[in-house]
1. What ranking, highest mean first, results for peptides 19-30, 64-75, 48-59 when packing means the other Cβ atoms within 10 Å averaged over each residue?
2. Expressed as a whole number of Å, what is the distance separating the alpha-carbon centroids of the range 92-110 and the range 14-62?
3. Measure of size requested: the Rg and Dmax of the range 1-95, with Cα atoms as the atom set and Å as the unit; please supply both.
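Rule-based calculations on the coordinates, nothing more; no lab input. Just so it is clear, the model here is predicted, and its values are computed rather than measured. Neighbour counts are summed over all protein chains in view; Cβ atoms, including those assigned to glycine, are modelled from backbone coordinates with ideal geometry.
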Amino acid sequence: MTTVAWNSKELTVGQLAERSGVAVSALHFYEAKGLITSRRTAGNQRRYPRDSLRRVAFIRLAQRIGIPLKIIKDALAELPNERTPTRDDWAKLSAAWQSELDDRIEQLQRLRDDLTECIGCGCLSLDRCPVANPHDRLGEEGPGARRIDTRICPPQKGCVSCAQPEGSSPAAR
């Protein structure tokens with residue numbers, strides 16, 4: 001591993017790739033999408049500000065939890081360009097995502113809970129599948145994954161598709 005001086009203000013694309021664990025091609029992609037920036041030297045080589053390490057780490061983490069690049073870009077645009085973001089800067093950014101992350105968690109829990117029976121037994125029998133939609137009944141309510149997508153069927157409001165008769169299991173829906 002190449003050692004980069006701790007007080008180095010800029011990193012080459014290779015150094016940034018090595019330190020961040022992200023491929024050079026991915027860094028070029030992030031730059032093309034406006035997620036990170038670099039300057040060009042007289043020899044036309046990229047130099048990235050050292051705080052790009054934090055930004056790349058943030059991008060990768062956000063991608064892992066399913067945040068689209070457009071939303072990541074908008075969030076990063078809120079961070080200061082003239083200085084390294086502080087803990088408060090990052091806290092404001094993460095607070096803005098709190099409700100979206102809560103919604104994603106709810107969607108993933110619904111997906112997990114509704115698919116457990118099918119995945120658990122491996123039979124994938126449609127007669128017991130909690131996600132099955134005989135005769136496309138849910139199509140009358142509109143497009144999308146009606147039972148799983150919390151934007152369509154929020155947990156606090158409930159909906160006909162998600163409502164469980166009292167004492168029934170998710171598989172009974």
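1. Top to bottom by mean Cβ count within 10 Å: 48-59, 19-30, 64-75.
2. 27 Å
3. My reading of the Cα-based Rg and Dmax gives 13.2, 41 Å.
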